[in-house]
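A.B. asks: This is the structure, below, for whatever I ask next.
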Ligand SMILES: [Zn+2]
C-alpha cells in the first residue's frame, strides 16, 4: 500500500541506517526522526527493532502531539522528546539521539565540551552544552516529554540558539543533535562524538589545555557558515 509519507519514511529510514553505519549505535539504542513541516508530521524509527531488520515501511508517522497517523509498530520510546523539539523549534528538520560512548561520557561527567580546536569551531563557536540532569519531578512525570523541556530550558537559560548550536548533551543521559534534515542531524551526531573523543584525548595529554582562541574560532566558523563562506564547492 502506498503512503503519502513514503518520501518522509525513506528519509527517516536512510538516516537511521546511516546512524548505525557510522558506529554511533549500540544494539537498538539510537533513533532518528525526520519532519514534514507542510503536513505537520514526523517519521521516527519503531521501538526496539534491530537495524538489520528495519524497513522503510516500518517508520511510524506521528503528529507533534504524539498521535500516530500511520504505522503498525510502536514508535521509539523517545518519541515525545522529538515531538516536543519539533513543536518548539520550528526550523529543525531532523533529530538524532544516540548513546555513543564519548558523548555519553561527557554527559555522565556533566561537563560542557570545551572548544579546543578547529574541528569544533568548523561547526559551532560555543562549548557544547551539557544540560543539567533532570530533577525528580520531571523524571517521575511525563519523562520523555520533559526531556524535551530540559533541553529547551538549557538553551533558554544560556541564551543559545538552536540554529547555531545543533547539539546538546543531557546530563547523565547522552547526546541529542538536530539539523535542517535528518541526514544533517546524523552528521551532527557524528561530529559531536568525534569532538567529544578529541576533547577527551586533549585533556589526557594536557589537563590544562587552553580553549581555542577567538581569532581561530571566528575564522573557522565563518569560512564555513559566515556570509562570505568559502568552504566546499
Ligand atoms: Zn537515550
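The numbers here are math on the coordinates, done by the rules we state, and not lab data. Everything numeric in this text was worked out from a predicted model, so none of it was measured. Glycine gets a Cβ as well: all are built from the backbone with ideal geometry, and neighbour counts include every protein chain shown.
A.B. asks: Pop the C-beta distance of residue 73 and residue 122 into the FRET formula with R0 = 41 Å and round what comes out to the nearest 0.05. Mind showing how you got there, number by number?
C.D. replies: Values: r = 38 Å, r/R0 = 0.92.
Step by step, r from the Cβ atoms, then E = 0.65.
A.B. asks: Classify region 19-88 from the C-alpha gyration tensor, please: rounded if a/c falls under 1.5, else prolate or oblate depending on whether a/b exceeds b/c.
C.D. replies: Prolate, since a/c reaches 1.5 and a/b exceeds b/c.
A.B. asks: Continuing with this model, one more query. So if we plug the beta-carbon distance of residue 36 and residue 110 into 1/(1 + (r/R0)^6) with R0 = 41 Å, what FRET efficiency do we get, rounded to 0.05? Before the final figure, lay out each step's value.
C.D. replies: Numbers: r = 35 Å, r/R0 = 0.87.
Approximately 0.70, to the nearest 0.05.
A.B. asks: In µm²/s, what is D for the chain at 37 °C and 0.692 mPa s, where D = kT/(6 pi eta Rh) by Stokes-Einstein and Rh is the Kirkwood radius from Cα pairs? Walk me through the numbers on the way to the answer.
C.D. replies: Details: Rh = 18.1 Å.
Answer, rounded: 182 µm²/s.
A.B. asks: If I model a spin label at residue 65 and residue 181 as a point 7 Å from the Cα along the Cα→Cβ vector, what separation in nanometres do I get?
C.D. replies: 3.2 nm
A.B. asks: Quote the FRET efficiency, to the nearest 0.05, computed for residue 160 versus residue 198 with a Förster distance R0 of 22 Å and r equal to the Cβ-Cβ distance. Numbers along the way, then the final one.
C.D. replies: Working: r = 21 Å, r/R0 = 0.96.
Plugging the Cβ-Cβ distance into 1/(1 + (r/R0)^6) gives 0.55.
A.B. asks: Ok, one more. Using packing as a proxy for protection, rank 134-141, 220-227 so that the peptide with the highest average count of other Cβ atoms within 10 Å comes first. Write down the numbers at each step before the final one.
C.D. replies: Details: 134-141: 11.9, 220-227: 14.8.
Put in order of decreasing packing, that is 220-227, 134-141.
A.B. asks: Once you have a ≥ b ≥ c as the square roots of the Cα gyration tensor eigenvalues for region 50-112, tell me rounded if a/c is under 1.5, and otherwise prolate or oblate according to whether a/b is larger than b/c.
C.D. replies: Details: a/c = 2.63, a/b = 1.41, b/c = 1.87.
It comes out oblate by the Cα gyration axes.
A.B. asks: What residues of region 103-144 lie in the reach of a label at residue 219, counting those whose backbone N is under 19 Å from a point 7 Å from the Cα along Cα→Cβ?
C.D. replies: Taking a point 7 Å out along Cα→Cβ of residue 219, the residues of region 103-144 whose backbone N falls under 19 Å are 115-126.
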